[in-house]
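The values are calculated or read from the model by the stated rules, or taken from the named source; none is laboratory data. Just so it is clear, the structure is predicted and the values come from calculations on it, not from any experiment. Please note: Cβ atoms are built from the backbone with ideal geometry, for glycine as well, and neighbour counts cover all protein chains shown.
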Amino acid sequence: MDLNQTSQQYQTQRVMCKPTAIVTDKSILSTDLELWKNFQGGCDLAYETIYRNYSVLLYGFGLKLTNDHELVKDCIHDLFIGIRKSRQKLGSVKSIKAYLFTSIRRMLIAELVKKRKHYTTNAVPFTLKHLQISSVEEKWIKNENIVEQQRNLKTALNKLSDCQKEIVYLKFYSLLSYQEISEVLGLSTKGAYKLMERTMFQLRKNMNFHIIA
């Protein structure tokens, strides 16, 4: 299934934004609150903007929970169909990214639990095995022996627990704030900070070379 299918499906069904909705691209994109309000008000441009901004991010996040590509695509499709159908019943959202990440995580866990009975909501495998070294990771390592250190960093990351891997991905790859992370993981903001502190301590412990603090 093509991830663009959902967006294309509605290209021929576009409706005018309601008179009370803000209709310019600039204002629709200005804040999550305004974008979500326009979406709930029936503006398909706002819906398509949300899909365009977050579908690829959701796909990447989903593949860290499972390597079942089709399951991830199906859940993303169902998520966007679902929020479109029930948008008038949805509450206000401060962070669309956090809301969508929370929703797709919940949907995937539910599907994984059904397919593999030994999975629980607290024990879903989370992998960083195929992550590419990025500028975010590079700040943790020295410049010399870069190739070996990148390899060691990947090894150290994959020695983290599943919840530690997940918070690393959410913070450094998906660029969520601690408040957004707390929403996705079902923690308090303070709890998210503490989990990150423990994760960074463990990562440093796993490393066999000096890390730039």
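Being among the hydroxyl-bearing types (Ser, Thr, Tyr), surrounded by fewer than 18 Cβ atoms within 10 Å (Cβ to Cβ), modelled with pLDDT under 95 and not assigned by TED's automatic domain parsing to the domain that holds ILE181 is a property that THR66 lacks.
When we screen LEU33, LEU57 for residues that are surrounded by 16 or more Cβ atoms within 10 Å (Cβ to Cβ), touching a residue at least 24 places away in the same chain (Cβ under 8 Å), among the aliphatic types (A, V, I, L, M) and not in a loop (DSSP other than H, G, I, E, B), the only hit is LEU57.
When you check LEU79 against the structure, is it under 19 Å from LEU170 (Cβ atoms) and modelled with pLDDT of 85 or more, yes or no? Quick ask: steps written out before the conclusion?
On the way: under 19 Å from LEU170 (Cβ atoms): yes; modelled with pLDDT of 85 or more: yes.
Criteria met by LEU79.
Can you find a residue in the stretch 36-51 that is modelled with pLDDT under 90, among the β-branched types (Val, Ile, Thr) and surrounded by 12 or more Cβ atoms within 10 Å (Cβ to Cβ)? Taking every residue of the stretch 36-51 in turn, none turns out to be modelled with pLDDT under 90, among the β-branched types (Val, Ile, Thr) and surrounded by 12 or more Cβ atoms within 10 Å (Cβ to Cβ).
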